[in-house]
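The values are calculated or read from the model by the stated rules, or taken from the named source; none is laboratory data. In this text, all values refer to a predicted model and were calculated from it rather than measured experimentally. Because the Cβ atoms are built from the backbone with ideal geometry, glycine has one as well, and the counts that use them run over all protein chains shown. Just so you know, the surface numbers come from the protein's heavy atoms only, side chains and all, with ligands and any DNA or RNA stripped out. Shrake-Rupley method; radii C 1.70, N 1.55, O 1.52, S 1.80 Å.
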Amino acid sequence: MPLDSIITYKDAFFTLDYSLWYLLALSLFICLFSRTGNNRHSRKIKSARKALNIFRSISEPAKKFSYIRKVNPFVFEEMILTSLKDSGCKITRNNRYTGDGGVDGRAVIRGTSVLIQAKRYRGHISANDITEFSILCGKSRKQGLFVHTGKTGKQAKLNSIDCRIDIVSGNRMIALLDGSYSGLWEHRGCINTR
């Protein structure tokens with residue numbers, strides 16, 4: 001075999017078609033500069049806005065509960081934050097959904113800095129979840145808003161008795177998501193006590 005008929009890697013590399021070079025460069029650019037985590041976050045926020053609009057168009061409370069229990073848990077978190085933002089609260093969204101240390105977001109509600117925990121339950125909420133969130137709020141020296149779709153049992157209520165955490169469920173959760181509820185903590189006379 002003659003030497004001039006052998007193609008080296010160097011020759012093959014430089015003789016690639018320009019469209020293939022363009023495709024390679026574009027792929028590299030997308031891999032290096034796309035921020036898939038933020039894109040996912042943006043999609044969940046947009047989904048939350050759509051879900052809130054649907055939720056707010058439903059008139060019967062039972063159907064609202066049925067709808068909200070089918071929503072993606074991350075979209076539910078974003079619905080709460082979006083609803084608070086719509087109500088004029090300053091909110092801070094997390095950069096990610098998992099590994100958030102038990103805090104799904106933050107808000108300033110009437111001058112009070114609040115940590116937010118969202119849970120989509122079907123049955124009773126875990127009293128342990130309330131205890132852990134209460135401890136987290138205590139360490140952070142902040143109040144907590146624990147919003148859930150389930151049922152609040154006696155032990156869960158007892159675990160939040162110190163006014164550090166406001167458990168929002170049932171009609172209060174519906175009102176919060178509808179944007180028509182502003183009585184956080186006031187039902188227990190606890191607002192701004194810490």
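Quick notes on this one:
- Selection from the stretch 131-161 of residues that are assigned to a helix (DSSP H, G or I), surrounded by 17 or more Cβ atoms within 10 Å (Cβ to Cβ) and at pLDDT below 85: Ala156, Asn159
- Every pair of residues 6+ apart whose Cβ atoms lie under 6 Å, when the first sits in the stretch 120-144 and is of a type in the set (Lys, Arg) while the second is modelled with pLDDT of 85 or more: Arg120/Pro73; Arg120/Phe76; Arg120/Thr149; Lys142/Ser113; Lys142/Leu115
- Search result, residues across the stretch 100-127 that are under 15 Å from Pro73 (Cβ atoms), open to solvent by less than 30 Å² (accessible area, probe 1.4 Å) and over 15 Å from the mean Cα position of the chain (by Cα): Ile125
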